[in-house]
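Read-outs: derived from the displayed coordinates by stated rules, not from any lab. Bear in mind that the values here come from a model prediction, so they are computed numbers and not experimental data. Please note: Cβ atoms are built from the backbone with ideal geometry, for glycine as well, and neighbour counts cover all protein chains shown.
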Amino acid sequence: TVLVVDFGAQYAQLIARRVREAHVYSEIVPYSISPEEVAARRPAAIILSGGPKSVHQPGAPLPDPGILQLGIPVFGICYGIQVIAQQLGGVVDRSGRGEYGRTTLTLAAGSDAGPPPSVLFDHVPPSFDVWMSHFDAVVEAPDGFRVTASTPDAPVAAFEDPERRIHAVQFHPEVVHTTGGQQILKSFLYEVAGCRPTWTMTSVIDASVEAIRAQVGKERVICGLSGGVDSAVAAALVHKAIGEQLTCVFVDTGLLRAGEADQVEATFRGQFDVDLVHVKAADRFLGALDDIADPERKRKIIGETFIRVFEEAAAELGDVPFLVQGTLYPDIIESGTKDAARIKSHHNVGGLPEDMQFELVEPLRNLFKDEVRAVGEELGLPEEIVWRQPFPGPGLAVRIVGTITPERVEILRAADAIVTEEVRRAGLYRELWQSFAVLPVVRTVGVQGDERTYAHPVVIRAVTSDDAMTADWARLPYDLLERLSSRIINEVPGVNRVALDITSKPPGTIEWE
Ligand code: XMP
């Protein structure tokens, strides 16, 4: 394991992912971790990530200096190089201007006969573009360290002590703008830390299968399927581990996307031969939502109804002590640290109440989303499931503004299916974070043939995003918009107009409710 020390912001996650892309397992730890805890985990290496602007800032996060004395290989990146310089006796100074963006790194010259200045730079050219973002700069490397590279504004852009196996760079090797950044990271992992590239999706699957078997023994396990990626991959993994001991429960709320229920049936019952309970609860959900227009009430009702339906299905199965959840690594990292205001009450299949008395099986808790998809592909899940865009737990209900009736669900589902089909055909489905249709509450006048119509508009919502925390409205090509408009109006009865939502998040949210 490589431990990536987190000083805040998103740097640590990106570095952890890059390490894993080099097929070395990595985990993120808080900067407050003690040297004893680090030592106990026997990491192959420690990476100090980027962080706040300055080690001189009051209250700047600093790790226990003992961590650098453990004899474990260390790689400092950006803020990390400054931490190392400060803790080992170098000098970090306000350089005057700082550096932001692209600049050129030049390696210190090795001697004619001697080795190159650093094994980190073995496989990169003597000068190349790097991405910088710092305020202070190291002006003097600590004793025993040699400076291995510089930029016009940072005389000490990299330093190292190969004896102690401590290396550090001021630039960001983890971002794509640093040419050869991944190569530098690999050189550290393979050459300095002696890691082998053995962490692959096959090894992940093998290890999870073993861990799941060890956890559940001969007991029975239940898994809620939503049709989304996470629960599908979690279920497939658990099924691979324990086969018939697993029962999956799929609740059809009547608020799913077109074809979703069939897809789940075909995949889990058909392809994987999973014991699948398919609860057809559309009437119950629509009944409970009758005449409800308030978004938060909709969410609450759906969440509660879901739990009740799930509990009943679970009760019929008898004694099932384990529940599978598709929790991902970012949820684990962020839980506890997140204190955001409640904008919407989210409902997940995972959000089952604690008093249900299940022990949790969370086979994806160490994986990032793209790794979950890779595991899904490796397990043979179909492309439509593995690459499905995120879909809210309350389903189409939060895309139908106002009250929900079977007719309105039908209109939206049909329009949504056209959006998905055309976006896929345009080759944009994976590139977009989400693309879907929304049904507002108004009606508008139109003319079709010689007839006046008074019918619903449908709104197209398509966004790009990395994590749904922020999003930008997608600049869909005009010809795609034209096809969407004419197909939706021609093919979906009750729709006479198509509009486009051009709001980013913030100030909008991705969903309309
Ligand atoms: P908003 O609309 O808040 O959505 O910008 C951010 C992301 O979360 C999804 N979303 C949900 N997912 N349960 C979920 O599992 C929910 O209740 C829920 N509400 C919104 C939304 O689709 C987007 O990807």
Crossing angle, helix 369-378 versus the chain [Cα axis fit, 0-90 degrees, rounded to tens]: 70 degrees
Three-way shape label, segment 1-84, alpha-carbon gyration tensor, a/c 1.5: oblate
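I want to check a number: in the chain, how many lysine pairs have alpha carbons closer than 17 Å, given a sequence separation of 8 or more or different chains?
4
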Cα→Cβ-extended label distance, 7 Å offset, between A39 and E304, nm: 5.5 nm
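Per DSSP helix of 4 or more residues, -39500 (n - 2.57); summed, then divided by the residues of the chain. What does that give at 222 nm, rounded to the nearest 500? Provide the component values of the computation, followed by the final result.
Values: 14 runs with 151 residues, N = 513.
Using -39500 (n - 2.57) per qualifying helix, the result is -9000 deg cm²/dmol.
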Taking neighbour counts of Cβ atoms within 10 Å as a proxy for exposure, in what order, fewest first, do M132, M469, M201 appear? M469, M201, M132
By how many degrees, between 0 and 90 and to the nearest 10, does the Cα long axis of helix 11-21 differ from the longest principal axis of the chain? 90 degrees
Pair-distance profile P(r), taking every C-alpha pair of segment 132-248, with 5 angstrom steps and integer %: 2, 9, 13, 13, 11, 7, 7, 8, 9, 9, 7, 4, 1
Return, for the Cα atoms of the chain, the radius of gyration and Dmax in Å, separated by a comma. 26.7, 88
Report, to the nearest 10°, how far helix 229-242 tilts away from the longest principal axis of the Cα atoms in the chain, using its own Cα long axis and a range of 0 to 90°. 80 degrees
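Rg/Rh for segment 400-500 to two decimals, with Rh computed the Kirkwood way over all alpha-carbon pairs. Write out the running numbers ahead of the final one.
Working: Rg = 13.9 Å, Rh = 14.1 Å.
A ratio of 0.99.
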What is the distance in Å between the Cα centroid of segment 418-495 and that of segment 176-231? 37 Å
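Take the alpha carbon gyration tensor of segment 2-192, find the square roots of its eigenvalues, order them as a ≥ b ≥ c, and report rounded if a/c is under 1.5; if not, report prolate when a/b exceeds b/c, else oblate. Intermediate results must be reported in sequence, preceding the final value.
On the way: a/c = 1.35, a/b = 1.17, b/c = 1.16.
Verdict is rounded for segment 2-192.
Provide the FRET efficiency to the nearest 0.05 for the A211-R443 pair, computing r from the beta carbons and using R0 = 60 Å.
Working: r = 55 Å, r/R0 = 0.91.
After rounding to 0.05, the efficiency reads 0.65.
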